[in-house]
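Report on the following structure.
Nothing in this text is a laboratory measurement; each read-out follows from the coordinates by a stated rule. The structure presented is a predicted model; accordingly, all values stated were derived computationally and were not measured. Glycine gets a Cβ as well: all are built from the backbone with ideal geometry, and neighbour counts include every protein chain shown.
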Amino acid sequence: PNKDSTVVIVLGASGDLAFKKTYPALFGLFKNGFVPPHVQIIGYARSHIELDDFRKRVSSRIKTNNDEEKKLLDEFLKKCTYVSGQYDKPEGFQKLNAAAEEVEKKYQGQKHRVFYMALPPSVFIPASEGLRQNAYSKNGSNRLVVEKPFGKDLESSKELAAALAAHWQEDEIYRIDHYLGKEMVKNLMILRFANVFLGAAWDRFHIHNVQITFKEPIGTEGRGGYFDEFGIIRDIMQNHLLQILTIVAMEKPVTLDAEDVRNEKVKVLRAIAPLTVDDVLLGQYTGSKDGKEPGYLDDPGVPKDSVTPTFAAAVFYINNERWDGVPFILKCGKALNEHKTEVRIQFQDVAGNIYPGVERNELVIRVQPKEAVYLKLNNKQPGLSSNAVMSELDLSYSKRYSDVKIPDAYESLILDVLKGDKANFVRDDELDAAWKIFTPLLHKIEREKVKPEPYEFGARGPASLNSWVEGHGYARTKGY
Ligand code: BG6
C-alpha cells in the first residue's frame, strides 16, 4: 500500500482566491481520484474561524451535481482543517508545522508538503520566510506555489525573486500563470509538434502574422484600486499572452521535461527586443452609450485623472531564423464586446494564385469560451461556380468531445504541483526576460502619462484598432 503522505497548506485560506479557485480545484481533483490517498489540506489565515464554519465556507463555493458528489464533498471536507496565525510571526507557522507532522507521523513513506500562497503581495515575503524557517519539512519535499503579481517591473521582480531565493531553491518554487493550465494552451504544443503538416508550415515562409487576443466583457468591478496600479499590460499581456506567444514560437524541446521546455521558451523571450511606444496602441474605457455601464474613471478605486490603460495592443518581432519579420500581434482589453481568448495564425498569400475568391488560410485556436480548433481553408464554392470560398474545418470541443468535462486551469496546475511537474510553471529567467521586454515601455508610459485612446464600454476596442492591426499586416478575412 501507498505509505506516502501529502500536506497541502493553503495560505490566505479565508480570502477570495482560495474560496473561488484553490478549494474548488482541489475538490475537482479529489472527486476525480487525482488527489493522493493520504492527504490533508490545512487552511491558514489570520482570522479565527471555527472548523465547522470554515468547512461551510469552503463548501458554499463548490457546486455538486448529484448525491454522489455531495457525498464526495463531505469526504473532501473531512480532509480540510484550519489553523489561524500571523504572516509575520513564527508562532502560527510553528502550529502549522505541528499540524503537518501530526499527519506525517502516521505514514512511513515519502512526505510531501505543498505551500499554496493565495496571498496579497504585501505579505508574500514575510510569509515565505516564516514558512521556510518554521514549517519546512526537513525530511521530505517542499513546494511553494506563488502567483502574480511578480513585481511591477524588472527591478521589483528581481527584488522579489532575490527575497524568495534567499530561503527557497528555484526547483521548489512553482510560479503560476493560470493560462498555462488552460486546456487549449496545453494543446498548442501537441498541435505543433505532433502534426507533420503544421510543423512543416510553422515559419516565416508560411505564416504571415500571428494574433493572440484576450477580450473580457466586464470592467474592473471593485478591483479598480489594484488594477490602476498595474494596468492591462501587467495584468494580462506581460504574463498570460506572452506565455502563449512563447509556446506558439518556441523550437521543439528535446523532451517534455520541464527544463527542456522552459529552455526553449526563454530563448524566444530573449530574441524579442524591448517594446517602444510606437509598437503599442493603448485604450481606456468610458461609460456605455446607454449609460448602464460605468466608465473606468467612475470606479471608486480609480483616480479621476488616471491614464492607466484598460486595453492594449502591441506588435512583437522575434529575431531568429524561424520568425524574422513575422508580426506577433497581442491584444487585450476589459469592458469589450465579448468574452474571448484566441490564437489566430494567418498564413501567407497563395503565390501565383489563379482562383477568384482566395483568401489567406487561418488556423484558430479558441482558448475560451467554447474551446475549438478550426482551420479556415479555401474550398470550391459548392454548385456551378468555380470560385474559391473560405470554409472551416471545425474541431469544436462541444461536438467532438461532448462527453469530456474540460478541467479548470487551476485543477490542471495543482495536479502538476502534486506530481512535481514544473513544465507549466514560470521559471525565474523566463520572468526576467518577460519583464525586460516591457519595462522600458511601462516606465515611459508612466513617466510621460501617455494618454490612452478612449473606447466605449462594450466596443471592440479603440476606434483605430482595425486600421492599427491591418497596418501590422493582418488581412481581414470573411467571417472575422
Ligand atoms: C487574471 C487577471 O490574471 O486573469 C484578471 O488578473 C482577469 O484581470 C483574469 O480577469 C482572466 O482569467 P480567465 O481565466 O477568467 O480568462
**Asked** Can you tell which of Leu375, Phe457, Phe230 lies farthest toward the positive end of the dipole of the chain, using +1 and -1 charges on the Cβ of basic and acidic side chains (Lys, Arg; Asp, Glu)?
**Response** Leu375
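If you place +1 on the Cβ of every Lys and Arg, -1 on the Cβ of every Asp and Glu, and leave all else neutral, what size is the dipole of segment 228-292 about its Cα centre, to the nearest 20 Debye?
Values: 8 positive and 11 negative charges, 26 e Å.
With only Lys, Arg, Asp and Glu charged at Cβ, the dipole is about 120 debye.
Cα-Cα over 24 Å: which of Lys20/Lys182; Lys158/Lys451; Lys148/Lys436; Lys331/Lys444; Lys21/Lys340? Intermediate values should be presented prior to the final figure.
Details: Lys20/Lys182 17 Å; Lys158/Lys451 29 Å; Lys148/Lys436 17 Å; Lys331/Lys444 19 Å; Lys21/Lys340 20 Å.
Beyond 24 Å between Cα atoms: Lys158/Lys451.
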**Asked** Can you list the aspartates and glutamates whose alpha carbon sits under 15 Å from that of Lys252, skipping same-chain ones fewer than 8 residues off?
**Response** Asp203, Asp260, Glu264, Glu321
**Prompt:** On average, how much area does the Cα convex hull of the chain cover when viewed from any direction, in nm²?
**Reply:** 26.1
**Asked** Among Cys80, Ser137, Leu119, whose Cα lies farthest out toward the positive end of the dipole of segment 71-209, if unit charges sit on the beta carbon of Lys, Arg (+1) and Asp, Glu (-1)?
**Response** Cys80
**Prompt:** How many angstrom separate the Cα center of segment 61-120 from the Cα center of segment 391-441?
**Reply:** 25
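What is the magnitude of the charge dipole of the chain about its Cα centre, with +1 placed on the Cβ of each Lys and Arg, -1 on the Cβ of each Asp and Glu, and no other charges, expressed in debye to the nearest 20?
Values: 66 positive and 67 negative charges, 159 e Å.
Taking the Cα centre of the chain as origin, the dipole is about 760 debye.
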**Prompt:** To the nearest Å, what is the center-to-center distance of segment 176-222 and segment 285-299, using C-alpha atoms only?
**Reply:** 31
**Complete:** Given the candidates Tyr317, Val302, Asn353, the one whose Cα lies deepest towards the positive end of the charge dipole of the chain, counting +1 at each Lys or Arg C-beta and -1 at each Asp or Glu C-beta, is Asn353
**Between helix 90-104 and the chain: long-axis angle, C-alpha atoms, 0 to 90°, nearest 10** = 90
**Asked** Nearest 10 degrees, 0 to 90: what angle lies between the long axis of helix 183-193 and the longest principal axis of the chain (Cα atoms)?
**Response** 60
**Prompt:** To the nearest 10 degrees, how steeply does helix 258-270 sit against the main Cα axis of the chain, on a 0 to 90 scale?
**Reply:** 50
**Prompt:** Taking the Cα centre of segment 165-311 as origin and charging only Cβ (+1 Lys, Arg; -1 Asp, Glu), how large is the dipole, in debye to the nearest 20?
**Reply:** 460
**Cross-link reach list, lysines versus Lys380, counting only Cα pairs under 27 Å and skipping chain neighbours closer than eight places** = Lys399, Lys478
**Request:** List, in order, the whole-Hz ³J(HN,Hα) value for each residue of segment 31-39 obtained from phi through the Karplus relation with A = 6.51, B = -1.76, C = 1.60 and θ = phi - 60°; use x for Gly and Pro.
**Result:** 4, 9, x, 9, 8, x, x, 9, 10
